[in-house]
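Beneath this line is the structure, given in structure tokens, with notes to follow.
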């Protein structure tokens, strides 16, 4: 079905701006627009961070698609709130309430809800693949989860689109009585699968980072950033309980169905998912504000010793870096893998994992001095980092 055809079938309704907004509904509307606005701002910060560090990747495109779907989901949800009179007392709801326009907008909102979650999970999985893809077990697990996530996204979207045939039965009660629709268990099953996928994705950062030998403060900071996703899982569980009660628990006669605004959990869930997916990518900005907490895992080894010529005898010096006087320094390619870079060139998360293993980095200041025994002119070089790939027989080093 073409989108234009679907729009043409929208039931007529009054201008929602003419419908009064009681305080409780105003709260629901605030939630509806506040969380998408925050997710857009956080994604803008992520975009700035990635572009300035030249680290823009597939995960950023996927997160951008999630933001786009979340923004497109907001207007239909607002219309649904207004036309269904959520936040009203039942006694104040017009007796002539027509639910068809509200259910049409709700159907449109469903078309964007599940894609947001699918794009967010894919973005997080690709991001984790860039960090922990060196481990075969982690790499294949991420590929497997991405395959399952993509398959779920396509299947859920098609079932949500065709959950009732003819499609008009989603908002036309007179047609629904004779239509073919999926059972209510579909919505509960989908919510359960979403919670399960959230938990599996949440476990991956622990698997990747807890095995690394890195400063405890940095390790805790990284894990805490990823734990923002745990809030999304909690919201998803609350939403699952509400959906189950809606379909399988008899309604409480003392509870006002219109006054309850628990439906806004859907908006909170998808936008918190976007925020949690963007948080780890903001690490370069965090490093500028809290460099000790979010700094790299490279250790700056210092020494107060100075070596001259070919002698191994140290001499005290007031400098805090390793200063070495050498005539020549050679190393074969088979012995070392060397990377020369400035300190934190990009500030990106890829500093955690470099090349195809953990990198030991040492700050060195080389000074060439004239020496009658050596015969070279005095010259000096600037500080640089020399990274040695950790040997598999020695294990990872920090």
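The values are calculated or read from the model by the stated rules, or taken from the named source; none is laboratory data. The shown structure was predicted, so the numbers you read here are calculated from the model rather than taken from an experiment. Glycine gets a Cβ as well: all are built from the backbone with ideal geometry, and neighbour counts include every protein chain shown.
Figures for the structure shown
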| read-out | value |
| --- | --- |
| Search result, residues across the stretch 253-269 that are farther than 17 Å from residue 87 by Cα and more than 34 Å from the chain's Cα centre (by Cα) | 253 |
| Test: residue in the stretch 83-90 that is surrounded by fewer than 19 Cβ atoms within 10 Å (Cβ to Cβ), assigned by TED's automatic domain parsing to the domain that holds residue 14 and over 30 Å from residue 201 (Cα atoms) | yes |
| Residue satisfying condition, being surrounded by fewer than 19 Cβ atoms within 10 Å (Cβ to Cβ) and farther than 19 Å from residue 269 by Cβ, within set 75, 101, 22 | 22 |
| Residue in the stretch 134-157 that is outside any helix (DSSP H, G or I) and modelled with pLDDT under 90 present | yes |
| Every residue from the stretch 227-259 that is within 25 Å of residue 33 (Cβ to Cβ), modelled with pLDDT under 90 and not in a helix (DSSP H, G or I) | 256, 257 |
| Number of positions in the stretch 174-212 that are more than 25 Å from residue 238 (Cα to Cα) and part of a loop (DSSP other than H, G, I, E, B) | 6 |
